[in-house]
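The values are calculated or read from the model by the stated rules, or taken from the named source; none is laboratory data. Since we're looking at a predicted model, the values are computed, not measured. All Cβ positions, even for glycine, are placed from backbone atoms using ideal geometry, and neighbour counts span all protein chains on display.
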There are 2 protein chains.
Amino acid sequence: MKKYKVMSKTELCQEKQQLEERFADIKAKGLQLDMSRGKPAVEQLDFGMKMLDVLNSTADLNTETGFDTRNYGLLDGIPEAKRLIGEILGVSAENVMVYGNSSLNIMYDTVARSMTHGVMGSTPWCKLDKVKFLCPVPGYDRHFAVTEHFGIEMINIPMTPKGPDMDMVAEYVNNDPAVKGIWCVPKYSNPQGITYSDETVERFAKLQPAAEDFRIYWDNAYVQHYLDFNDKEELVDILGACEKAGQPDMVYEFCSTSKIIFAGGGIAAMASSKANLDYAKKQMNLQTIGYDKVNQLRHVRYFKDIKGIEEHMNLHAASLKPKFETVLQGLDKELGGLDIGTWIAPKGGYFISFESLTGCAKAIVAKAREAGLVMTSAGATYPYGDDVNDSNIRIAPSFPTSEELKIATDIFVTSVKLISVQKMLSALDNV
Amino acid sequence: MKKYKVMSKTELCQEKQQLEERFADIKAKGLQLDMSRGKPAVEQLDFGMKMLDVLNSTADLNTETGFDTRNYGLLDGIPEAKRLIGEILGVSAENVMVYGNSSLNIMYDTVARSMTHGVMGSTPWCKLDKVKFLCPVPGYDRHFAVTEHFGIEMINIPMTPKGPDMDMVAEYVNNDPAVKGIWCVPKYSNPQGITYSDETVERFAKLQPAAEDFRIYWDNAYVQHYLDFNDKEELVDILGACEKAGQPDMVYEFCSTSKIIFAGGGIAAMASSKANLDYAKKQMNLQTIGYDKVNQLRHVRYFKDIKGIEEHMNLHAASLKPKFETVLQGLDKELGGLDIGTWIAPKGGYFISFESLTGCAKAIVAKAREAGLVMTSAGATYPYGDDVNDSNIRIAPSFPTSEELKIATDIFVTSVKLISVQKMLSALDNV
C-alpha cells in the first residue's frame, strides 16, 4: 500500500472519495456497538457459572479454621481467601487483606484515607498545599479520576516498552516531597498491554522518595490475564523487591477477581507490608464489621488454588485471543505500512492501544461513532482527559462477538484512514 | 426482696457474703461466653440457607430489565433490589441506592465525603474550624467511632422513652451552624429498643437547621426486627415527613440485610431524596464500577417482596423472643424492686439496655468477665466511651444458646447485686 504521506493531492482526494463510499456502506449496516469499556463477553461470564453451585443450602459455610462466614467478624478476610489471592499475586497470604468486590474501591479508600488521616503518621494530605501523583501515560482513566477528585496534581510520565520512564520517575520521586504516589498497571498495562521489565521493577524498589508517605499504587488488575498460557509474561514481585531493598512499606498492590469470575460479583484485595496493612485495617475497622465472607468462601471452594485459577483463565484466554487477533489482523492488513498509526500486539490484558497521527484521535472516535461504534473517548487515557497530542485511542475487543468485532474493526480502520487523509489534505491546503 | 438502700450495714455485709459465695459457684461452671456484640445465633443464620439455592449454574442472572448482573454496570443497584429495599423501609424504589454488604460503610463514606467535598456544594468539613454531631445517648458505638475518627465533636443528647430529647436537638440544630448531623437508630434503638414516636419524627422533619449541610443520619438497622409480628411498633416514614415539611434533602436513611439474612453476606442501602442520591452517586462513580449485583439478585429471587421478608423475620422473632424473655425474667426476678437498676423491655432490635447505680457499670462488666462472661465494654454506648454516670450496660441476648443465656443472666444479675452492695457498703464507710 502506498503511504499517504507520499501521495499527491490528487491521489489523496481519490483515496478520500473511496473511503467515504466505503464508510457509507459500513454505516448502512446499522451497527450499534459499545466498545467503550473493557467488559467481559457473555461467553466469558458463562465460564464462571459453576461457582454458583459450590455453596448451596447443604454446604458447610465455615472457614477452614471453623469460623462461620455467615456471621460478623474476620474483618480482613477469611484465611483461605487470603491464601488464594496470595497465590494469584505471588505473595504470602500474610501480606493480603480481602475486601469487597471492587479493587477500585480499595484504591479510592486508600487515597481518601491519606487525604484525611495521612499515611502511618504523616500529615493528612488535605492539610498540605500541594499533593502530586505520577501518572504513566497512556493509563487507566479511573485511576486519574480518583486523584482528580481529591484535587491531587497529576504529572504525566511517558510509557516505554519496558514500563514508565524510570529516569523521570526517579527524578520526581527522589526530589519532590509533594509527590506521594504513582499509578501503575504493571502487567499487560491498561491500555498498552505492556508488562514492566525486571529492571523497571528493580528501579521502583530502589527509589529513594523525598516523601515518607510516598507509595507505589500497583494495580495488578491483569496479573493472570494472559492471552496464551504458554506465552505469558512474567512480572517481578514488587513486594519482595521492595522488602529486599529495605523499603517494605513503599508499595500497595491491588487486584480483584472481577475479570476472573464475574465483573459484578468478584472479590478484591490489597497486598502490602504488615505495617501498611495494620494501618489500613484501623480505617477498615471503622468502615465495616466485615466484607462479604460468603462470597470469599464461594471463590475458594470453586477455584481451590492457583491451578484452578489458571484452568479458568485458560478459558478466558481461548475466548479473548481470537478477538485480539481479529483486531490486530485488521490493523495490520488495512493500516500496516501506511505510517498513519502505530500499535502494540499485547500478550494479555483487555486492550489494544492505538496511536494515530497527531491531532486525529478525537476525530477518529467521532467518525466511528457516526457508524454506530462507541469507543472509549479519545483523551480518556490521560489525566484530565487531556491527551495533548490527541493521538491515543483505546480499543476494547472483549465484549463484542467475533462477527461484531470484524465490522467494528472495519469501521475503526476506515475511520482512521479517512481522518488521516482529511488531515493530510488540510495540511496541503495550509501550505 | 428488701431494697439494699434500706438495709443496715450488717444486712448488707451478710448479703455481700451470700453473693460472693453464689458468684464463686457460678464462676466454677467455667463459662466462656462472648456477649459483646449483637451477633445473630447459628440458628438464625440457618434460616437463610435456602437463599444459596436460588442462584445456581442453571439460573438466569439477568435483572427484570434484562441487564446481566454478572457484568459491570448498574452502579446504584439493580431495579428489583431497589424495590425490595424500598418495601423494607416503606419508601419508593426511586429513593433507594443499593451498595455493598455494609450499611456502616455507607455511613462512613457519607461522612468521609462530607469531610473532603462538603454536601451538595457546601464547604468541605475538613476546611471548617469545628464540625459537630448530635449523639442521642446511650447509642451505637460504631456511629460514634466514625465521627470521632474524623475529629467531629460529639454532643450527647439524652434519650427519652419517645426518642431523643427534641427540645435539645432543636436548640442545637436550629442555632449552631457547626452542627452538621445527628446519629439516630429510630426503631428498636441500639441499645434501648426505643422506637421514636410520631411526634418525635414530625419534630425532626420540622427542624430549621442553621447549617445548609445538616443531615439526619437515620440508621434504620432494625426496621423489620420486631420480636413479635403482632406486637410490632410503627415508625413514621421520615423521608415522607421531611418532604411534606418542604425539606426533602434533610435525611439520609440507611439499612442492610445483615441481620435479616447473613451478617457476613447481606446487602446494604441508602434511601434519600433524588438530590442527595445524585450527589452521593458522583462519589460512588469514582469509587467503584458497581457493587455485587449477583448478591442483590440472590436476595430478590429469595425474598421476592416484603411478604417474604416478613415470613423470614417471623423466624428470627421466634428465635429471639424467648432469649429476650430469659434475660428480662432474670432481671425481674433477681433485681425487680431492689432499686439498684432499671431497664426497658423492648419490642424489637438486638439489645436490652441496663442502667445500674451511678458509678457501677464498669465494675459490673469487669465482675461478669471474671466469671467468663464478656459483655460490651461499659461506656461503649457513649461518645468517646465516656458514660459520665458510669451506669449504662448493653446486653446482647441473641448469640448464646438458651442454656448459655440462663447462666449468663445469672452471672450478670449476681455481678450487679454484688457491685451494688459493695458500693453501698463503701458509701456507708465514707459517711
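Taking the conditions (1) surrounded by 13 or more Cβ atoms within 10 Å (Cβ to Cβ); (2) more than 30 Å from residue B:243 (Cβ to Cβ) in turn, residue B:92 satisfies each one other than (2).
Of all residues in the range A:64-103, those that are within 14 Å of chain B (Cβ to nearest Cβ) and among the aliphatic types (A, V, I, L, M) total 5.
Which residues, taken from the range B:384-406, are out of contact with any helix residue (DSSP H, G or I) (no Cβ under 7 Å at 6 or more places or on another chain) and under 19 Å from residue B:27 (Cβ atoms)? Don't jump to the end; show me each part of the working.
Pass one, the range B:384-406, residues out of contact with any helix residue (DSSP H, G or I) (no Cβ under 7 Å at 6 or more places or on another chain): B:385-386, B:388-389, B:394, B:396, B:399, B:401, B:403-404.
Across the range B:384-406, the qualifying residues are B:403, B:404.
When only residues in the range B:23-44 that are more than 8 Å from chain A (Cβ to nearest Cβ) and in a loop (DSSP other than H, G, I, E, B) count, which is farthest from residue A:52 (Cα to Cα)? That would be B:29.
Evaluate the following for residue B:321: is it assigned to a helix (DSSP H, G or I), in contact (Cβ under 8 Å) with a residue 24 or more places away in the chain, within 19 Å of the chain's Cα centre (by Cα) and surrounded by fewer than 23 Cβ atoms within 10 Å (Cβ to Cβ)? Even if it seems obvious, please write down each step before you answer.
On the way: assigned to a helix (DSSP H, G or I): yes; in contact (Cβ under 8 Å) with a residue 24 or more places away in the chain: yes; within 19 Å of the chain's Cα centre (by Cα): yes; surrounded by fewer than 23 Cβ atoms within 10 Å (Cβ to Cβ): yes.
Considered against the rule, which asks whether it is assigned to a helix (DSSP H, G or I), in contact (Cβ under 8 Å) with a residue 24 or more places away in the chain, within 19 Å of the chain's Cα centre (by Cα) and surrounded by fewer than 23 Cβ atoms within 10 Å (Cβ to Cβ), residue B:321 comes out as yes.
Scanning for something at pLDDT 95 or above and closer than 21 Å to residue B:53 by Cα, does the range B:315-323 turn up at least one residue?
The initial filter retains those residues of the range B:315-323 that are at pLDDT 95 or above, namely B:315-323.
Now restrict to residues that are closer than 21 Å to residue B:53 by Cα: B:315-316.
Looking for residues that are at pLDDT 95 or above and closer than 21 Å to residue B:53 by Cα, one finds at least one in the range B:315-323, hence yes.
Any idea which residue in the range B:45-61 is farthest from the other protein chains (Cβ to nearest Cβ), counting only those that are part of a helix (DSSP H, G or I) and buried (at least 20 other Cβ atoms within 10 Å of the Cβ)? Here the residue is B:51. Which of the residues that make up the range B:234-244 are within 18 Å of the chain's Cα centre (by Cα) and surrounded by fewer than 16 Cβ atoms within 10 Å (Cβ to Cβ)? Result: B:234, single match.
In this structure, residue B:170 does not qualify as farther than 18 Å from residue B:250 by Cβ, of a type in the set (A, V, I, L, M, F, W, C), outside the structural domain of residue B:353 (by TED's automatic domain parsing) and not in a strand (DSSP E or B). Looking for something away from chain B (no Cβ under 14 Å) and within 20 Å of residue A:108 (Cβ to Cβ) - is there at least one such residue anywhere in the range A:168-179? Looking through the range A:168-179, at least one residue is away from chain B (no Cβ under 14 Å) and within 20 Å of residue A:108 (Cβ to Cβ).
Can you name the residue in the range B:282-314 that is more than 11 Å from residue B:261 (Cβ to Cβ) and of a type in the set (Ser, Thr, Tyr) and is also modelled with the highest pLDDT among such residues? Step by step, filter the range B:282-314, then rank; the result is B:291. The residues listed here are A:295, A:285; of these, the one that is surrounded by 16 or more Cβ atoms within 10 Å (Cβ to Cβ) and within 12 Å of chain B (Cβ to nearest Cβ) is A:295.
How many residues does the range A:324-347 contain that are in a helix (DSSP H, G or I) and more than 15 Å from residue A:398 (Cβ to Cβ)? Step through it out loud before you land on a result.
In the first step, residues of the range A:324-347 are kept if they are in a helix (DSSP H, G or I); the result is A:324-335.
If we keep only those that are more than 15 Å from residue A:398 (Cβ to Cβ) as well, we get A:329-335.
The total comes to 7.
Candidates A:28, A:112, A:41: the one that is assigned by TED's automatic domain parsing to the domain that holds residue A:211 and aliphatic (A, V, I, L, M) is A:112.
Pairs are defined by a Cβ separation below 7 Å, a sequence spacing of at least 6 or placement on different chains, a first member in the range A:336-357 that is without any contact (Cβ under 8 Å) to a residue 24 or more places away in the chain and among the polar types (S, T, N, Q), and a second member that is outside any loop (DSSP other than H, G, I, E, B) and surrounded by fewer than 24 Cβ atoms within 10 Å (Cβ to Cβ); the pairs so defined are A:342/A:355.
Among the residues in the range B:214-222, are any assigned to a loop (DSSP other than H, G, I, E, B), buried (at least 22 other Cβ atoms within 10 Å of the Cβ) and of a type in the set (A, V, I, L, M, F, W, C)? Yes, the range B:214-222 has at least one match. crowded, with 19+ Cβ neighbours inside 10 Å, away from chain B (no Cβ under 11 Å) and more than 20 Å from residue A:142 (Cβ to Cβ) - does that describe any residue in the range A:250-258? So far as the range A:250-258 goes, yes, one or more of its residues are crowded, with 19+ Cβ neighbours inside 10 Å, away from chain B (no Cβ under 11 Å) and more than 20 Å from residue A:142 (Cβ to Cβ). Pairs are defined by a Cβ separation below 6 Å, a sequence spacing of at least 6 or placement on different chains, a first member in the range A:285-308 that is at positive phi, and a second member that is surrounded by 24 or more Cβ atoms within 10 Å (Cβ to Cβ); the pairs so defined are A:290/B:264.
In contact (Cβ under 8 Å) with a residue 24 or more places away in the chain and more than 26 Å from the chain's Cα centre (by Cα): does that describe residue A:63?
Values: in contact (Cβ under 8 Å) with a residue 24 or more places away in the chain: yes; more than 26 Å from the chain's Cα centre (by Cα): yes.
Considered against the rule, which asks whether it is in contact (Cβ under 8 Å) with a residue 24 or more places away in the chain and more than 26 Å from the chain's Cα centre (by Cα), residue A:63 comes out as yes.
Among residues of the range A:104-146 being among the polar types (S, T, N, Q) and more than 10 Å from every other protein chain (Cβ to nearest Cβ), the one that is nearest to residue A:391 (Cα to Cα) is A:110.
Residue count for the range A:387-429, restricted to those that are under 30 Å from residue A:44 (Cα atoms) and assigned to a helix (DSSP H, G or I): 15.
Results for (1) crowded, with 20+ Cβ neighbours inside 10 Å; (2) under 21 Å from the mean Cα position of the chain (by Cα); (3) of a type in the set (A, V, I, L, M, F, W, C), shown as yes or no for each residue.
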residue: B:325; (1), (2), (3): no, yes, no
residue: B:338; (1), (2), (3): no, no, yes
residue: B:348; (1), (2), (3): yes, yes, no
residue: B:351; (1), (2), (3): yes, yes, yes
residue: B:410; (1), (2), (3): yes, no, no
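Among the numbered criteria (1) surrounded by 23 or more Cβ atoms within 10 Å (Cβ to Cβ); (2) part of a loop (DSSP other than H, G, I, E, B); (3) not acidic (Asp, Glu), which one does residue B:143 miss? It is condition (2) that residue B:143 fails.
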